[in-house]
Amino acid sequence: MTPKMTKTERVYTALKAEEVDRVPVSAWWHDFAREWSAKDLAETTLEQYRKYDWDFIKVNPRASYFGEAFGARYAQREGRQPDLVEPGVSSPEHLRRIQSQDGTSGVWAEQLEALRLIAAGLDGEAPFIQTIFSPLATMSRITGSTKYVQRLMRESPDELLASLDPITETLAAYSKASLDAGAAGIFFATVEWGSADVISLEDYNRFCRPFDMRVLDAVKGAPFNVFHVCRANNHLRELLDYPVAAFHWAVHQVGNRSFSQIASKTDRALMGGVSQEATMTSGTPEDVSREARDAIDQTSGRRFLLAPGCSADPQAPEANLRALVEAARA
């Protein structure tokens, strides 16, 4: 029997595909009312961690700040994602406004302070990772519209590509600063751009891949970088060369590969296992346990971290979240 491990040992051992005492487990969701200051974000993050005794933390800040940094204005909305008030870009000419930033001032400084507070609260007890949207996903938050970015791809591709350069430089600098603030890595998210329903693989390779790689290169020494390939019908199979420690996706969404299918094509760790939609939100604890056990069986509990397939609904029942933890510890 493997001796009992610390949380950090458990996570890093799983990432190295070595035998663990049990699979690491975590979950995350938005606390929309408490994501507008560093102090509140850190406090709600640590409260969730302590309540469920996660093995690691994926920091889950408000998604809008990636757009806010480049001139978009959003307003807080009770119980839901913020509302777009004014986009930072609403015409191809506006793309020239986007300039490289140091990744440590303005809204970036707020988020880095939250990371420092989380690091201080954890005091080395468990690793945490910071969410970083891909450059194209950041553009969606600047414009406030995925459809508008798709239009830019068709009608102003050169201007769009040029504007992704300063966004990428900024995100690379911010990602490195997140490590300096205590993060063990980044949770690099495609958001909607991971799906073939939104972008073709040809366009992904033009508008996403080269910029993604530059951000990941900036944090290549971090031990806990995760690539989250979001949504249904995702492009994960074609992205397994991304230089990360783990791949995370929603295995239960339509068109997505199973753990057993992906495990045979990569030596990286896999993360996820429970549907963040049907099961975590409206299923029973028994449903959560069943999906979690199936994920553990598919991976034999090696190079695997148990979690929902994406951010859980804030209204997910406590009993379901506790069932997730118990499944990892059974």
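The values are calculated or read from the model by the stated rules, or taken from the named source; none is laboratory data. In this text, all values refer to a predicted model and were calculated from it rather than measured experimentally. Note: ideal-geometry Cβ built from the backbone for every residue, glycine included; neighbour counts use all protein chains shown. Note: accessible area is taken over every heavy atom of the protein model, side chains too, but ligands, DNA and RNA are not part of it. Shrake-Rupley method; radii C 1.70, N 1.55, O 1.52, S 1.80 Å.
Pairs spanning more than 31 Å between alpha-carbon atoms, out of K4/K220; K4/K39; K39/K176; K7/K176: K4/K39. Normalised by residue count, the chain yields a Cα convex hull volume of 116 Å³ per residue. GNM on the chain, alpha-carbon springs under 10 angstrom: the most fluctuating residue among T266, T279, T143 is T266.
Modelled spin-label separation between E202 and E9, with each label point placed 7 Å from Cα along the Cα-to-Cβ direction: 5.3 nm.
If the chain linking K16 and H94 were pulled fully straight, counting 0.36 nm for each residue of separation and taking away their Cα-Cα distance, it would gain 23.6 nm. The residues packed around S100, meaning those with a beta-carbon under 10 Å from its beta-carbon, carry a net charge of -3 if Lys and Arg are +1 and Asp and Glu are -1. Stokes-Einstein diffusion of the stretch 6-111 at 25 °C, 0.890 mPa s viscosity, Kirkwood radius from Cα pairs, rounded to a whole number: 150 µm²/s. For the stretch 274-330, the solvent-accessible area with a 1.4 angstrom probe is 44 square angstrom per residue. Taking the longest Cα principal axis of the chain as reference, the axis of helix 107-122 is set at about 10 degrees. Taking amide hydrogens as placed 1.01 Å from N in the peptide plane, the amide H of F133 sits under 5 Å from those of A189, each at least 5 positions away in sequence or on another chain.
Taking the DSSP beta bridges with both ends in the chain, the antiparallel portion is around 20 percent. The stretch between D297 and A330 holds 10.6 nm of extra length on full extension. This uses 0.36 nm per residue minus the Cα-Cα distance. Need the C-alpha centroid separation for the stretch 292-323 versus the stretch 178-229, integer Å. About 22 Å separates the Cα centre of the stretch 292-323 from the one of the stretch 178-229.
Peptide packing for 237-249, 97-109 was compared via the average number of neighbouring C-beta atoms within 10 Å per residue; ordered from the highest value, the list is 237-249, 97-109. Can you give the angle from 0 to 90° between the axis of helix 318-329 and the longest principal axis of the chain, with both taken from C-alpha atoms, to the nearest 10? The angle comes out near 60 degrees.
Counted by Cβ distance under 14 Å from G71, the other residues give a net charge of +1, where Lys and Arg count +1 and Asp and Glu count -1.
The Rg/Rh ratio for the stretch 174-308, using Cα coordinates for both the radius of gyration and the Kirkwood hydrodynamic radius, is 0.98. Taking amide H atoms as placed 1.01 Å from N in the peptide plane, the amide H of L240 has no partner under 5 Å among residues 5 or more positions away or on other chains.
Note on S282 and E86: the extension gain reaches 67.1 nm, defined as 0.36 nm multiplied by sequence separation minus the Cα-Cα distance.
Over all projection directions, the Cα-based convex hull of the stretch 247-324 averages an area of 4.6 nm².
When the solvent-accessible area of the chain is split by element, carbon and sulfur atoms take up 47 percent of it, the probe being 1.4 Å.
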